[in-house]
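Structure first, then comments.
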Amino acid sequence: MKRTKGFTLIELLVVIAIIAVLMAILMPALNRAREQGKRAACLSNLKQMMLAWIMYADDNDGKMVNGNTNTGIANKDGTCWVYWPGQDASEEQRIDGVKNGLLYPYCSNLKLYKCPTGVRGEVVTYAIVDAMNGHDAIPGAKGQILKNREQIRKPGQRAVFVDEGRLSPSSWTVWYDQEKWWDKVTARHGDGTNWSFADGHSEYWKWKDPRTVEIGRMDRDSWRTWTGGGGRQSDPSPGNQDLHRVQKAVWGKLGYTPGN
């Protein structure tokens with residue numbers, strides 16, 4: 001009887017080792033490709049949000065939609081682009097917050113309000129920056145909160161939406177007259193984040209300063225602990241080019257002389 005030759009244990013181990021090496025080589029490339037796909041989808045979402053933002057202004061004599069998501073005293077007109085229903089709100093309440101917002105008639109696809117890399121259970125991950133008709137009581141930024149599109153100079157350089165990571169009870173801000181962060185930035189799609197601008201286009205910005213990446217990788221609770229309860233108490237970040245770039249995009253200029 002002819003015997004069929006099989007694999008030895010050593011041969012099987014060699015094959016397994018080769019497969020493991022190939023997986024180690026291929027997985028990072030596959031993960032990068034997948035993340036780039038999510039980045040592209042996020043950029044597309046932000047572009048659609050900008051179209052809705054622009055159409056709202058066109059229908060309201062250039063007035064920008066209220067960027068403050070707080071339904072309390074901060075919203076003097078009682079309306080905003082989306083509503084923040086509270087930290088412990090259900091997904092249904094979060095969806096209602098979008099549907100009751102002023103931009104929903106212009107953008108009724110719920111999937112466009114969230115980055116594909118967003119936190120599970122969140123419905124909105126994008127935020128409007130304070131300078132674009134957001135919270136109007138930022139210390140040191142008097143006169144810098146714009147209300148009408150006609151006030152925007154160089155719209156291709158002025159940020160409107162940022163991928164904040166999750167909806168918060170206000171609009172997104174950064175200090176104007178101090179060299180430090182206020183609200184937390186995200187680090188995704190390869191340690192960066194996506195923005196959209198007043199002329200309608202969107203961009204991906206990769207962080208270059210390790211301090212920015214460290215902040216971006218923190219979760220919300222760690223950020224609040226690190227800043228003593230809120231971003232207003234964050235440490236100065238002298239010479240941080242990421243910070244300078246963001247401040248110029250949000251406010252149009254720096255309200256201070258940067259350090260080294």
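The values are calculated or read from the model by the stated rules, or taken from the named source; none is laboratory data. If you're wondering where the values come from, they're calculated on a predicted model, not measured in any experiment. Virtual Cβ from ideal backbone geometry, glycine too; neighbours counted across all protein chains shown.
Figures for the structure shown
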item	result
Residue ID - modelled with the highest pLDDT, chosen from residues in region 1-15 that are among the aliphatic types (A, V, I, L, M) and exposed (fewer than 10 other Cβ atoms within 10 Å of the Cβ)	Ile10
Pairs with Cβ under 6 Å, 6+ apart, first in region 50-62 and at positive phi, second in a helix (DSSP H, G or I) and surrounded by 13 or more Cβ atoms within 10 Å (Cβ to Cβ)	Gly62/Arg149
Pick from region 210-233, criterion hydroxyl-bearing (Ser, Thr, Tyr) and surrounded by 19 or more Cβ atoms within 10 Å (Cβ to Cβ), ranking: modelled with the highest pLDDT	Thr212
Residue tally, condition of a type in the set (A, V, I, L, M), assigned to a loop (DSSP other than H, G, I, E, B) and under 18 Å from the mean Cα position of the chain (by Cα), over region 79-102	1
Total residues in region 98-126, condition among the small types (Gly, Ala, Ser) and surrounded by 19 or more Cβ atoms within 10 Å (Cβ to Cβ)	2
Which numbered condition Gln48 misses (of (1) within 17 Å of the chain's Cα centre (by Cα); (2) at pLDDT below 95)	(2)
Members of region 144-197 that are surrounded by fewer than 21 Cβ atoms within 10 Å (Cβ to Cβ), touching a helix residue (DSSP H, G or I) at 6+ places or on another chain (Cβ under 9 Å) and farther than 21 Å from Thr69 by Cα	Pro155, Gln157, Glu179, Lys180, Ala187, Gly190, Asp191
Any chance Val82 is out of contact with any strand residue (DSSP E or B) (no Cβ under 8 Å at 6 or more places or on another chain), without any contact (Cβ under 8 Å) to a residue 40 or more places away in the chain and either of a type in the set (Asp, Glu) or closer than 29 Å to Tyr204 by Cα (or both)	no
Pro236 touching a Leu at 6+ places or on another chain (Cβ under 9 Å), surrounded by fewer than 16 Cβ atoms within 10 Å (Cβ to Cβ) and either at pLDDT 95 or above or in a loop (DSSP other than H, G, I, E, B) (or both)	no
Residue satisfying all of: in region 163-186; within 21 Å of Tyr256 (Cβ to Cβ) and of a type in the set (A, V, I, L, M, F, W, C); farthest from the chain's Cα centre (by Cα) among these	Trp175
Condition check for Gly143: modelled with pLDDT under 95, small (Gly, Ala, Ser), farther than 26 Å from Gly37 by Cβ and touching a Pro at 6+ places or on another chain (Cβ under 9 Å)	no
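Rundown of residues vs (1) more than 20 Å from Ala52 (Cβ to Cβ); (2) out of contact with any strand residue (DSSP E or B) (no Cβ under 7 Å at 6 or more places or on another chain), yes/no style:
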residue	(1), (2)
Leu110	no, yes
Gly140	yes, yes
Leu146	no, no
Pro155	no, no
Val160	no, no
Trp172	no, no
Glu179	yes, yes
Asp183	yes, no
His189	yes, no
